[in-house]
Each structure stands twice: as structure tokens, then as C-alpha cells.
Amino acid sequence: MLRNKRVLLGISAGIAAYKTPLIVRELIKAGAEVQVVMTPSTLDFVTPLTLSTLSKNPVHHQYFDGESGEWNNHVELAKWADIFLIAPATANTIAKMAGGLCDNLLLACYFSMPDPKKVFFAPAMDLDMFKHEQNQQNIQKLQDFGNRLIDAEVGELASGLEGKGRMAEVDNIINALMGDQDGPWLNKRVVVTAGPTFEEIDPVRYIGNYSSGKMGYALAEAFADAGALVTLISGPTHLDSPRTVDIKRIISANEMFEEVKALQDSTDLFIMAAAVADYKPSKRSDQKIKKSEEDLQIKLEANPDILAYVGKNKKEGQFVVGFALETNNELENAKGKLKRKNADAILLNSMNDEGAGFGHDTNKVTLIDKNNNEWTSELKSKKDLAKDIVKRIGELLS
């Protein structure tokens, strides 16, 4: 679940820094891309050469590179990171994070992180320092900010004493980064369909629709962030491939149908967000159809109904969510689709909601379950809405 994740590893000056090359190695083995930022004093504990060799990226420990004179942009580093792991997090660094002090590059990156929930910190210090009331208040303050604690462990400490304060073992740190171990989506296999399908008339023309794929892509990323193993089956879009999901690109409804069928038995949750063309030309011309003065008639035939197929062939324990884009009688039509397709829930988009539907960066939906319970979202960004939908579907499952 760390595959293609961008991890910024922040190392502060404690003896536990000797473990950080192992952290980098395990992150790389898990498929992550790693950059390292260190406090200046950390150079006394571990060398940038070791970390840059393992991470295959330059290591940053000052605002200006001493040799090239280039500026190490803390804002860009923070924007780049999907996860900012601070390990070890010393009492000094934790206190500065909690108190708003910013006197080195690591702290500048910390205060530039746009989402505090993407920050993980692993305390490491002697047992009396760890249990000191002020230190415990600082740790709690960071958690109140939304930062994620990877708690210290009991063991032998550098002082020779034994107790709590030892930095979490490398395997436990990696596991903590892989998601909420108690969350409903950890290691669940989720298939999301997204975007339009194009049905060819001839080599240069097609039948399609205005779907941008943005909602489906946002859902795929949100489920991956929640710990799921996500496959995104995408029709033609101009969107960049999400780094944290497996993506299968298709053109036509038949191609999407084949990809879905291949995953039917191994999937826990289907999110059918694609705007699949209902019809395709019954015959595709191998050559471009030339313009003439006569009217052109194209005979259409129905495409496979992918949602209906998944609903009909649903396995025990599988959960199926469809989408309904409506222009009139929205609730009635959506509830009818929910029943006809044997889905477990339906997400209704109304073309009458301003700022929702095709092409927009925002959306508004109504989630309807099999018991006709309804939840309607506010108009918000598709990325934020996707997180709400992940939470709501998790609640339905539980």
C-alpha cells in the first residue's frame, strides 16, 4: 500500500537515527519514492551519503546547498510528499513542532504540510524524557493537530536503562504508514470504474459523453488512502494516472466489461462511477465515412450493462455501488436503478445541481442504500467528497 507513495523522511538528532537507512530501504522495497530531510545536528549520527545512496535522491539538511548554492524549497518538498514521516522525533523537535518554532529545514517542511493527517512522528528518547509531563503534553498537542503518533516502545535505551522511549521498530513504522490497522478498508480489494467510454463509428469519429473521470479518480485515490488495494478501470480522460492505484485504461464499453468480469471474483467492493455509453454503432466502418449531401443514418445497438452484470453475479460479501446521473424525477429514477441492478447503494447526481456533475471540480451527491435511507452531501470538491463517500460506505458495511 506504499507503492508509488511519496514519502518525505525527516530525521532529527537522536541515536535512533542509525535505524533510518533501514527505514529508507524498507520504504523503497514497499514501492515508495523517498526523499530525506535532516536537521543539521543529525549529520553527527548518520551520513547523507548513505541515505542518498539508498533513496536515490539528494539528502537535504540546509536551506541552501553548500556546493551548488541551490535553494532547497521546503514548500515544494511538503507539497511533493504524500506522507511526512519524522523518525526519530526527538523531544527537542517535538517541542518545536508543538510550539511553532521553525529554525531548520525539517521544521519548515513540517509547518508547510498542507494536511496534518499526512504527518507521522515516531518519538525516540530516554524513558524519563519520554514520560516528562511537558513532553507528553507536546505529543498530545501534535495529535490534536491531526498528526499521527507512532508510539515509542519499551526496550533497552542508549543510556543503558530499560523502559518506554525506544523508537518503534522499523517493521512497526512501515506498518503504521500503510494505513489505519483498524479501518474497514485495509487490504480490501476495490474496483472503481471512471470516465466515459468511446464507441467508434469509423477511425476518426465516435459516440461519447462529457464525463471527465474526476469523481471516479478521486474515489480511487480516497479508497487507496484508506488502505484499500484499488484497481481503477478508466475510459479516455485527460487526467494523470493516480500513483497509488493500479490503472487499466480502456476505450469502449466492451473493453471495460471484460476488465470488470476478470475482477469479479476477487473484488470486495465495486464503485461503478464510469459514464458507460448505453449504445454503440452496430457496424463500425473501417474507413472514414465521407461527407455527402445525403442524410447519414447510423444504426445503434445496446452495450453490455456492466452494473447489472456485477449486481446479478454478486458474490457473498461483495458490495456494489452504482452511479445515477439524472435530469428529472431524480430520486425516483435512482431508486428504480438501485433495485433493477441489484446494487447495494446508488450515488445520485442531479444535472439540476449547479456546480455538480460532468466537468466540474466540485460535486454534490445523494447516497441511497437498499433500505432507502438517504444521505445528501454539500457541494464540495470532488476530492473532499470522495473522502466522505469512503466513510459513508464504510458505515453501511459495518
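Computed from the coordinates by the stated procedures, all read-outs in this text should not be read as laboratory data. Here the structure is a predicted model, which means the values were calculated and not measured. When we count neighbours, we look across all protein chains shown, and the Cβ atoms used for this are built from the backbone with ideal geometry, even at glycine.
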Based solely on its DSSP helices, what 222 nm [θ] is calculated for the chain when runs of n ≥ 4 H residues each add -39,500 (n - 2.57) and the sum is averaged over all residues, nearest 500 deg cm²/dmol? -9000 deg cm²/dmol
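May I ask you to list the trypsin sites (Lys or Arg not before Pro) in the stretch 291-388 that are in a DSSP loop and have at most 11 other Cβ atoms within 10 Å of their Cβ? Working shown, then result.
Working: sites: Lys291, Lys299, Lys312, Lys314, Lys315, Lys335, Lys337, Lys339, Arg340, Lys341, Lys364, Lys370, Lys380, Lys382, Lys383, Lys387; in loops: Lys291, Lys299, Lys314, Lys315, Lys341, Lys364, Lys370.
Passing sites in the stretch 291-388 are Lys291, Lys299, Lys315.
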Karplus (6.51, -1.76, 1.60) ³J(HN,Hα), θ = phi - 60°, over the stretch 359-376, in Hz, Gly and Pro reported as x: x, 7, 8, 10, 7, 9, 9, 10, 9, 10, 9, 5, 8, 6, 6, 10, 9, 10
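Starting from the Cα-Cα distance between Leu397 and Val204, subtract it from 0.36 nm times their residue separation and give me the gain in nm to one decimal. Show your work: numbers first, answer last.
Values: separation 193, 0.36 × 193 = 69.48 nm, distance 4.46 nm.
So the chain would gain 65.0 nm between Leu397 and Val204.
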Of Lys299/Lys387; Lys118/Lys261; Lys118/Lys335; Lys248/Lys380, pairs whose Cα-Cα distance is over 32 Å: Lys299/Lys387; Lys118/Lys261; Lys118/Lys335
Need the full-extension length gain, Ser52 to Gln297, defined as separation in residues times 0.36 nm minus the C-alpha distance. One decimal, nm. 81.9 nm
Identify, among Ala222, Cys109, Val320, the residue whose Cα sits farthest towards the positive end of the charge dipole of the chain, taking +1 on the Cβ of Lys and Arg and -1 on the Cβ of Asp and Glu, with the dipole about the Cα centre. Val320
With a point put 7 Å past each Cα toward its Cβ, work out how far Phe111 is from Ser381 in nm, to one decimal. 2.3 nm
Taking 0.36 nm per residue of separation and subtracting the Cα-Cα distance, what length does fully extending Asp388 through Asp246 add? 48.9 nm
Rounded FRET efficiency, nearest 0.05, which uses the C-beta distance separating Ile28 from Glu70 and R0 of 22 Å: 0.35
Per-residue HN-Hα couplings for the stretch 129-135, Karplus 6.51 cos²θ - 1.76 cosθ + 1.60 at θ = phi - 60°, whole Hz, x for Gly and Pro? 5, 5, 8, 4, 4, 5, 5
Computed over the Cα atoms of the chain, what is the ratio Rg over Rh, Rh following Kirkwood? 1.08
Estimated dipole of the chain in Debye, rounded to 20 [Cβ of Lys and Arg +1, of Asp and Glu -1, Cα centre]: 820 debye
Run the simple label-point estimate for Val154 and Lys141 please: 7 Å along Cα→C-beta, distance reported in nm. 2.9 nm
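In the stretch 151-219, what chymotrypsin sites (Phe, Trp or Tyr not before Pro) fall in a loop by DSSP, with at most 14 other Cβ atoms inside 10 Å? Can you show the working numbers first?
Values: sites: Trp185, Phe198, Tyr206, Tyr210, Tyr217; in loops: Trp185, Phe198, Tyr210.
Loop-located and lightly packed - Tyr210.
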Rounded Å value of the spacing that divides the Cα centres of the stretch 1-31 and the stretch 240-298: 41 Å
Give the residues of the stretch 261-282 whose amide nitrogen is closer than 14 Å to a point set 7 Å from the Cα of Lys312 in the direction of its Cβ. 261
Residues with amide H under 5 Å from that of Asn209, placed H, sequence gap 5 or more: Thr197
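Using DSSP to call loops (not H, G, I, E or B), can you name the GluC sites (Glu not before Pro) in the stretch 208-311 whose Cβ has at most 16 other Cβ atoms within 10 angstrom?
Working: sites: Glu221, Glu255, Glu258, Glu259, Glu293, Glu294, Glu301; in loops: Glu293, Glu294.
Answer by residue number: Glu293, Glu294.
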